[in-house]
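Notes follow once the structure below has been shown.
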Amino acid sequence: MKQRPITSKVKRLRQRQRADGSWAVWWEPEAAVVKLGFARADLDPARPTWSVRQAEQMNRQVDLARAGGSAPSRRGKTIDDLIHNYRQKELPKKSQKTQASYNSLLNLISQKWGRALISEFDKPTMRIWYETLYDSCGLRQAVALIRMMSGLFSRAELIGWRAENTNPCFRLKMDTPKPRSRCASWAEIDALCDAADAIGAASMRTAIKISVFQGQRAGDVRRAQADDFSQVTVPLENGGQETVWVWSLMRSKRGTQGMMRLHPEVAPLVAAIKQNMDDGQQYLLIDEATGTPYTEDRFSKRFASVRAAAARNMPSVSSLNFRDFRRTFAMFARAAGINKDDAADVLGNSAATNWQLGETYMPPQFETASRAVMAIRRPEQTKRKKA
């Protein structure tokens, strides 16, 4: 066993060597002290002097609390106070998906720092926590938690709970997680659609094709209303007219509206559903196994079942997630020579244009989005030369 990083004895300071040889150092209050409002605090084995000083400071706070003074949570605003304020004022402005993600992060932050005072945080503390998270949870989780913490401190500055320009998460020089780049091939898309039909999940085949050819997020595909799909007559360049299927939607994440033509591989599927759906059916996609609209959890599980079935004949699909189909659309659009602005009108990444305002706004947005959708083509099969 290597020498302990801290050799001096400090009350409530604990040290333990991990299996990989590194050390964990923390301050741990006993049950009676926990009742006073104190909680475990991780220290830094690489900074023994600082760790000792922090432990001694917390011990003095314990003595003060026992003597009739205030527990640490009573001497100012705590992180839990800030989380409560954020959940009341800021979180409701986010989409449901984002709220669920943020709540998970806020719960983790509360477990770690809930009783800590907002005023006591500094950049070294946040940097050490980032490095600890990096080692124990990985880069993505570390960055996500620090960014969430940064949002909390920005809120604290805004409402006067911290001085302006004192966000301790600012410029921590964190590494940037490598963005996911997985896209589906045509063969993988076909394998998934065939598997969906084979296991009686035709609605999942429709969901996959809508995401691939229309470029929308899983949540917007899952919650698509049947009435959002309709037939309209559009003018042709040669002066004629054509009746086509279109989809008008409100994107849940950014709150942007959009309207686009349905791709030829999607339009027949939607038309068949509209023709055969039950009276009063609200959602386009109905789970065949339950006869009810998809919940987020059931949608994920059904796609996992389709993916597992497809993987028996095409193992590569095992690494695909549903969100990869939106990226696949962008890849196909680029391959077809579509510029970024046109693709952005489909993806919803550009500024919102309200198609309901009429001729001033609808034609450009509809035309550019539809142009990107209709440009996607399967590669032509090369004919073999006869001998």
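The values are calculated or read from the model by the stated rules, or taken from the named source; none is laboratory data. These figures come from a predicted structure and were not determined experimentally. Cβ: placed from backbone, ideal geometry, glycine included. Neighbour counts: every protein chain shown.
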From the options 72, 45, residue that is buried (at least 17 other Cβ atoms within 10 Å of the Cβ) and modelled with pLDDT under 80:
72
Go over the candidates 162, 180 one by one and state the one that is exposed (fewer than 12 other Cβ atoms within 10 Å of the Cβ) and either on the phi < 0 side of the Ramachandran plot or under 22 Å from the mean Cα position of the chain (by Cα) (or both).
180
Answer with yes or no whether residue 187 is part of a helix (DSSP H, G or I), closer than 21 Å to residue 334 by Cβ and modelled with pLDDT of 95 or more.
yes
From the list 19, 39, 46, which residue is within 28 Å of residue 143 (Cβ to Cβ), in a loop (DSSP other than H, G, I, E, B), touching a residue at least 60 places away in the same chain (Cβ under 8 Å) and of a type in the set (A, V, I, L, M, F, W, C)?
39
I'm trying to understand the selection: among the residues of segment 211-264, which are touching a Leu at 6+ places or on another chain (Cβ under 8 Å), among the charged types (D, E, K, R) and under 23 Å from residue 92 (Cα atoms)?
220, 222
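Yes/no matrix, rows are residues, columns are (1) outside the structural domain of residue 223 (by TED's automatic domain parsing); (2) basic (Lys, Arg); (3) under 30 Å from residue 252 (Cβ atoms); (4) within 27 Å of the chain's Cα centre (by Cα):
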{"site": "47", "(1), (2), (3), (4)": "yes, yes, no, no"}
{"site": "63", "(1), (2), (3), (4)": "yes, no, no, no"}
{"site": "87", "(1), (2), (3), (4)": "yes, yes, yes, yes"}
{"site": "99", "(1), (2), (3), (4)": "yes, no, yes, yes"}
{"site": "105", "(1), (2), (3), (4)": "yes, no, yes, yes"}
{"site": "123", "(1), (2), (3), (4)": "yes, yes, no, yes"}
Quick check on my filter: what residues within segment 221-263 are touching a residue at least 60 places away in the same chain (Cβ under 8 Å), aliphatic (A, V, I, L, M), closer than 21 Å to residue 376 by Cα and part of a loop (DSSP other than H, G, I, E, B)?
262
Going by the structure shown, is residue 167 surrounded by 15 or more Cβ atoms within 10 Å (Cβ to Cβ) and free of Cβ contacts under 8 Å to residues at least 60 places away in the same chain?
yes
Out of all the residues in segment 276-296, which are polar (S, T, N, Q), exposed (fewer than 14 other Cβ atoms within 10 Å of the Cβ) and under 22 Å from residue 266 (Cβ atoms)?
276, 282
Residue that is surrounded by the fewest Cβ atoms within 10 Å (Cβ to Cβ) [pool: residues in segment 99-155 that are among the aliphatic types (A, V, I, L, M) and within 14 Å of residue 81 (Cβ to Cβ)]
117
Taking segment 128-170, which residues are touching a Cys at 6+ places or on another chain (Cβ under 6 Å) and not hydrophobic (A, V, I, L, M, F, W, C)?
150
Is there a residue being at pLDDT 85 or above and hydrophobic (A, V, I, L, M, F, W, C) anywhere in segment 287-296?
yes
Among the residues of segment 200-216, is any free of Cβ contacts under 8 Å to residues at least 40 places away in the same chain, surrounded by fewer than 17 Cβ atoms within 10 Å (Cβ to Cβ) and not assigned by TED's automatic domain parsing to the domain that holds residue 20?
no
Within segment 125-147, of all residues that are under 22 Å from the mean Cα position of the chain (by Cα) and of a type in the set (S, T, N, Q), the one modelled with the lowest pLDDT is 136
